[in-house]
Amino acid sequence: MIKKQFLKSKPVCKATFSLPLEAAPEAKTVALVGDFNNWNVAEGIEMKKQKGEFKAVVELESGKEYQFRYLVDGQSWVNDWAADDYISTPFGVDNSVVSALN
């Protein structure tokens, strides 16, 4: 699930990404990877485990859409169950999409 807050002071969408533990029950670590960090796994945004889910807050430039996925334990990819959209990739999987369109 993704909660969004558009800031009035600057063209930024503050997005809170949440992955429920049931999506990755054995996960020790979850990283958020996507267009916003050039799909660089080494620079994945670490998600904090809290109250039955992994969470991370990211500031996204407004007016764009971003593809992303969650990387669980550095090995398996998981999509967001409540993403704004999904896009097929040349690799035979779908990426989640978050819209920062205001």
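The values are calculated or read from the model by the stated rules, or taken from the named source; none is laboratory data. The structure displayed is predicted, hence computed values, not measured ones. Note: ideal-geometry Cβ built from the backbone for every residue, glycine included; neighbour counts use all protein chains shown.
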- The condition of being of a type in the set (Asp, Glu), loosely packed, with under 11 Cβ neighbours inside 10 Å and either more than 15 Å from the chain's Cα centre (by Cα) or in a strand (DSSP E or B) (or both) holds, among GLU26, GLU59, only for GLU26
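Going by what's in this entry, would TRP81 be described as at pLDDT below 95, assigned to a loop (DSSP other than H, G, I, E, B) and surrounded by 12 or more Cβ atoms within 10 Å (Cβ to Cβ)? Full working, then the answer.
Values: at pLDDT below 95: yes; assigned to a loop (DSSP other than H, G, I, E, B): yes; surrounded by 12 or more Cβ atoms within 10 Å (Cβ to Cβ): yes.
Yes.
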- Return only the number of the condition from (1) charged (D, E, K, R); (2) surrounded by fewer than 17 Cβ atoms within 10 Å (Cβ to Cβ); (3) in contact (Cβ under 8 Å) with a residue 24 or more places away in the chain that ARG69 does not satisfy. (2)
- Message: Filter region 84-102 down to the residues that are assigned to a strand (DSSP E or B), among the aliphatic types (A, V, I, L, M) and touching a residue at least 60 places away in the same chain (Cβ under 8 Å) and list them by number.
- Response: VAL98
- Give region 30-52 a look and list any residue that's in a helix (DSSP H, G or I) and of a type in the set (Gly, Ala, Ser), or say none. ALA42
- When region 1-23 is checked residue by residue, the ones that are in contact with a Lys or Arg (Cβ under 6 Å, 6 or more places away or on another chain), within 16 Å of ALA82 (Cβ to Cβ) and exposed (fewer than 14 other Cβ atoms within 10 Å of the Cβ) are THR16
- Query: If you take the residues in region 29-51 that are loosely packed, with under 11 Cβ neighbours inside 10 Å and basic (Lys, Arg), which one is nearest to the chain's Cα centre (by Cα)?
  - Reply: LYS48
